[in-house]
1. Evaluate the stretch 72-91: report whether one residue or more is farther than 30 Å from Pro154 by Cβ, out of contact with any Phe, Trp or Tyr (no Cβ under 9 Å at 6 or more places or on another chain), hydroxyl-bearing (Ser, Thr, Tyr) and modelled with pLDDT of 95 or more.
2. What do you reckon, is Ile226 assigned to a helix (DSSP H, G or I) and either of a type in the set (D, E, K, R) or touching a residue at least 24 places away in the same chain (Cβ under 8 Å) (or both)?
3. If a residue has to be within 23 Å of Met134 (Cβ to Cβ), in a loop (DSSP other than H, G, I, E, B) and without any contact (Cβ under 8 Å) to a residue 24 or more places away in the chain to count, how many in the stretch 44-86 make the cut?
4. Only strands (runs of 3 or more DSSP E) wholly contained in the stretch 126-189 count here; list those with 2 or more residues that are touching a Pro at 6+ places or on another chain (Cβ under 7 Å).
5. May I ask you to list pairs of residues, at least six apart or on different chains, whose Cβ atoms are under 7 Å apart, with the first in the stretch 177-203 being within 13 Å of Gly140 (Cβ to Cβ) and of a type in the set (Lys, Arg) and the second being surrounded by fewer than 21 Cβ atoms within 10 Å (Cβ to Cβ) and at pLDDT 95 or above?
6. Of everything in the stretch 190-215, what is basic (Lys, Arg), in a loop (DSSP other than H, G, I, E, B) and within 16 Å of Ile95 (Cβ to Cβ)? Give them in sequence order.
7. In the stretch 194-204, is there at least one residue being surrounded by 13 or more Cβ atoms within 10 Å (Cβ to Cβ) and either outside the structural domain of Leu107 (by TED's automatic domain parsing) or polar (S, T, N, Q) (or both)?
8. Give me the residue from the stretch 89-125 that is part of a strand (DSSP E or B) and in contact with a Gly (Cβ under 7 Å, 6 or more places away or on another chain) and, out of that set, farthest from Ile196 (Cα to Cα).
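The values are calculated or read from the model by the stated rules, or taken from the named source; none is laboratory data. This structure is a prediction, so every number in the text was calculated from the model and none was measured. Cβ atoms come from the backbone with ideal geometry, glycine included; neighbour counts cover every protein chain shown.
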Amino acid sequence: MIYDEPRLLAGGDRAIFVEFGDGIDPELNCRVRHLMLAIAREKIPGVIETVPTYRSLLVYFEPLEISARKLKDTLRRLAQSMGEIELAKPRLIEIPTVYGGEYGPDLEFVAAHNGLTTSEVIQLHTSANYLIYMIGFMPGFPYLGGMSPKIAAPRLETPRTKIPAGSVGIAGTQTGIYPMESPGGWRLIGRTPLKIFDPTREPPALFQAGDYLTFTSITPEEFSRIKQAVEQGKYSVKVTLME
């Protein structure tokens, strides 16, 4: 549901939540990104950072530079004029992924859970363009929308203590990529050789909220070849502008 008017809620004494609705919806997320861009263009004194989520924008501010009341007034004004701002065309970023085996140990579970073959799971997973609603959990981790419910799967009852960087997982009706080695409870179906997050790179994350990802199936041999090229700085990620 999309609210008629955005709701402004306190997030402690140094932040304000601007909520546009209740749910996971591309239109909701578009409004979040519109407001984030409007704030950036306004260059409001005292605003420190904005953090987008599925349905809201968290705005951090310095109370000594701007009061909560004044900031709320400004945010309401910007929210009313967001339609005048045109978002940049979204990027579609291709994520080469090897599925199954040691790279995706839960692929067979996901297939059996949904009454599918592993090939059908891969076909369904690679057939969509996934909107990045937000980055969270850890630096560079994309929360994606658009996965087929036919390959939905529950989280692990006991999370793994170590998941390799680049692992592609499923949790419920969502899919995502672990940008670095970490614990996690998502069902792993594959792995990409791309470096999703690199603190020495500018920008560090390979993508941002509002971009789209598409997964392509590769062989283990292609995985090794691409991984080596990435490490040598010789691999160019395929990026196209969407209409």
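1. Yes, the conditions are met somewhere in the stretch 72-91.
2. When the stated conditions are applied, Ile226 passes them.
3. Counting residues in the stretch 44-86 that are within 23 Å of Met134 (Cβ to Cβ), in a loop (DSSP other than H, G, I, E, B) and without any contact (Cβ under 8 Å) to a residue 24 or more places away in the chain gives 1.
4. Here the list reads 130-135, 160-163, 174-177, 182-184.
5. Here the result reads Lys195/Val230, each pair linking the stretch 177-203 to a residue that is surrounded by fewer than 21 Cβ atoms within 10 Å (Cβ to Cβ) and at pLDDT 95 or above.
6. Lys195
7. No: the stretch 194-204 contains no residue that is surrounded by 13 or more Cβ atoms within 10 Å (Cβ to Cβ) and either outside the structural domain of Leu107 (by TED's automatic domain parsing) or polar (S, T, N, Q) (or both).
8. Among those that are part of a strand (DSSP E or B) and in contact with a Gly (Cβ under 7 Å, 6 or more places away or on another chain), it is Tyr99.
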